[in-house]
1. Just one of ARG566, ARG552 is outside any loop (DSSP other than H, G, I, E, B) and buried (at least 19 other Cβ atoms within 10 Å of the Cβ); which is it?
2. Could you list all residues from segment 517-535 that are open to solvent by 20 Å² or more (accessible area, probe 1.4 Å), over 17 Å from GLU569 (Cα atoms) and not charged (D, E, K, R)?
3. Which of the residues that make up segment 82-130 are in a loop (DSSP other than H, G, I, E, B), closer than 30 Å to ALA67 by Cβ and open to solvent by 30 Å² or more (accessible area, probe 1.4 Å)?
4. Looking at segment 304-345, which of its residues are among the small types (Gly, Ala, Ser) and closer than 21 Å to GLU274 by Cβ?
5. Which ranges mark the strands (runs of 3 or more DSSP E) fully within segment 141-258 that have 2 or more residues being closer than 30 Å to LEU327 by Cβ, open to solvent by 20 Å² or more (accessible area, probe 1.4 Å) and at pLDDT below 90?
6. Quick one: is VAL503 surrounded by 19 or more Cβ atoms within 10 Å (Cβ to Cβ), modelled with pLDDT under 95 and of a type in the set (Val, Ile, Thr)?
7. Looking at ARG139, ARG92, which one is in contact with a Ser or Thr (Cβ under 9 Å, 6 or more places away or on another chain), more than 19 Å from ALA76 (Cα to Cα), among the charged types (D, E, K, R) and free of Cβ contacts under 8 Å to residues at least 40 places away in the same chain?
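The values are calculated or read from the model by the stated rules, or taken from the named source; none is laboratory data. Model, not experiment: these values are computed from the prediction. Note: ideal-geometry Cβ built from the backbone for every residue, glycine included; neighbour counts use all protein chains shown. Please note that ligands, DNA and RNA were not included when accessible areas were found on the heavy atoms of the full protein model with its side chains. Shrake-Rupley method; radii C 1.70, N 1.55, O 1.52, S 1.80 Å.
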Amino acid sequence: MIRRAAPMALLLAALVCCPAPASAGEPGWQVELDAPEDLRPLLEEHLDMFRYRNRDDLDDEIVERLAARAAEDARALLATAGHFSPGIRVDRHREGALTRLRITVQPGPRAAVASADVRVGGAIDQESADAGQPARLSRRWRLRPGEAFSQAAWDDAKNALLRSLQLDGYPAARITASRAEVDAEAARVDITVTVDSGPLFRYGEVHVEGLDRYPRTLVDNLRRFHAGQRYRYEDLLRYQSALQSSGFFSGASVSIDNDPAQAAAATVRVLLTEYPAMKIDLGAGVSTDNGPRGEATFTRHNTFQPGWQSTTRLRVDRKEQTLNSDLALLPEPGGWRNRFGVEASHSDIEDLAIRRFGLIAQRSWRSPERELDWSLKLQTEEQSLTAGPVDNLEALTLNYSWTLRRVDDLLRPRRGYMLNLQLGGASAALLSTRSFSRAYGRGLYILPLGRRDRLHLRGEVGAVWADERKGIPSEFLFRAGGDQSVRGYDYQSLGVRQGSSVVGGRVLGVATLEYQRDLTREWGAAVFVDAGNAADRPSELRPVHGYGFGVRWITPAGALNLDLARGRETGQLRLHFTLGVRF
């Protein structure tokens with residue numbers, strides 16, 4: 001086999017190095033393929049005859065060599081797809097100065113797996129916590145008897161078996177023997193695989209590199225595992241994500257030393273790239289809700305104490321302007337973090353102008369799947385209507401928020417669900433103009449319909465319990481409409497009508513039904529119906545409807561959504577632009 005491959009390697013080198021003529025002409029030869037449709041891509045991509053079919057500088061000798069190798073190369077390619085006894089014929093004839101080549105492929109039967117003997121052993125047999133695990137792994141072997149055999153499926157099954165061990169306690173697991181015995185005449189394959197788990201790994205010391213400016217306590221408190229605990233790859237991913245999202249590091253890498261000799265106390269290595277002590281971020285954007293937007297953020301690390309982080313942010317758009325500053329203390333063991341902040345804002349939406357000043361204390365916990373927030377907020381607010389009086393109010397509110405994400409991909413989810421629940425309230429006996437309590441919830445359920453289609457079901461409900469609406473801060477009341485609500489209507493244009501203004505109501509209900517289809521890997525389309533409204537009482541809640549269609553452009557940051565929606569009650573068309581999943 002080696003002696004026959006050497007001339008072919010020289011031939012391919014000659015083809016690559018052979019200079020093309022200055023003026024390209026028509027090739028003096030043509031090649032055709034007669035093969036089943038599902039096998040054509042494999043053969044056309046890898047057969048040398050097709051790779052060089054547009055070259056017009058090949059002489060007859062080279063073409064003859066390509067033709068002579070075609071049958072053998074096609075037979076090897078078809079074997080990777082599970083066809084071990086194909087019939088292949090290469091015909092060539094000349095038509096004047098043109099040489100015409102035709103490859104006819106009869107693939108024959110595709111081999112199927114007849115038996116699969118998969119055995120997992122090693123140190124895993126002595127671990128009481130993993131009793132029964134080898135048998136379960138063997139039963140979950142992907143390439144089962146009766147299934148079609150191919151090289152890709154064979155490799156995927158072995159890799160999946162190894163990953164199930166390597167990601168959960170046994171990173172040194174390896175395949176010690178694997179054999180796929182082919183009976184070409186019977187079109188059957190007998191599989192044998194033997195896996196040695198290697199030792200069970202447990203965490204040892206954590207070695208940190210690149211930490212100069214910030215305290216080691218910061219890095220240790222973000223870690224959720226401890227020495228002696230069983231190794232799981234997911235632990236390292238969560239730790240790495242927590243470091244990257246902490247705001248202190250521009251880069252973080254977490255790995256484990258997989259030397260089997262150190263399995264009882266494997267070293268965890270953390271490589272960090274720190275942000276500078278101070279940084280300024282500038283940003284600009286545009287949305288169909290609020291128009292052009294500008295934003296500036298100043299961050300200072302090690303404010304007052306090592307590991308304390310202060311952030312000041314100014315955000316300005318056509319309808320809202322906000323200036324806030326907060327101080328985040330060092331993360332606690334277990335992931336909780338305390339913040340203290342101050343905020344001033346102004347907004348003018350639907351003829352309702354609001355000026356607000358607030359102080360906030362917050363305690364929060366974050367992970368990729370869950371978020372928990374407790375906050376205590378003291379605020380004063382001035383509300384003025386275009387055709388009405390000015391109201392001044394105060395509130396001291398205690399609030400709780402819980403978020404859960406169970407999706408296959410946070411940036412581009414294709415199945416799963418997201419939930420957010422909020423509770424809050426204030427008492428007139430504690431620095432508040434009016435007593436009230438509030439509950440709010442929203443959710444998204446993504447139902448896959450085949451490989452390219454899915455259904456998005458979205459809901460949003462809210463209620464405020466109080467004697468009346470007056471005296472309640474606007475951010476605790478409800479308005480609807482806009483990119484993230486009922487499309488086809490302007491931002492926060494749905495609510496309680498008061499003169500020419502729209503103010504917040506005490507009840508909210510919004511629902512969305514959206515059908516999405518992937519057109520290519522980067523582009524998709526959607527059709528949707530939104531319904532909802534806000535009102536002061538449940539009996540006054542009258543849903544309005546918006547419907548339309550849109551395009552989805554998939555980017556590394558998520559989906560860019562461009563929707564054209566029509567409000568059924570108004571008859572107006574509106575363009576809506578958003579980034580990410582509507583949740």
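1. When all the criteria are applied, what remains is ARG552.
2. If the condition is that a residue be open to solvent by 20 Å² or more (accessible area, probe 1.4 Å), over 17 Å from GLU569 (Cα atoms) and not charged (D, E, K, R), then LEU519, THR520, TRP523, ALA525, VAL527 are the ones that fit.
3. Answer for segment 82-130, where residues must be in a loop (DSSP other than H, G, I, E, B), closer than 30 Å to ALA67 by Cβ and open to solvent by 30 Å² or more (accessible area, probe 1.4 Å): PHE84, SER85, GLY96, ALA97, GLY108, PRO109, ARG110.
4. GLY307, SER310, ALA328, GLY335, listed by residue number.
5. none
6. On the way: surrounded by 19 or more Cβ atoms within 10 Å (Cβ to Cβ): yes; modelled with pLDDT under 95: yes; of a type in the set (Val, Ile, Thr): yes.
It is true that VAL503 is surrounded by 19 or more Cβ atoms within 10 Å (Cβ to Cβ), modelled with pLDDT under 95 and of a type in the set (Val, Ile, Thr).
7. After applying the criteria, what remains is ARG92.
Each row is one residue, and each column tells you yes or no for (1) at pLDDT below 85; (2) within 36 Å of the chain's Cα centre (by Cα).
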{"site": "THR80", "(1), (2)": "no, yes"}
{"site": "GLY87", "(1), (2)": "no, no"}
{"site": "GLY96", "(1), (2)": "yes, no"}
{"site": "GLY108", "(1), (2)": "no, no"}
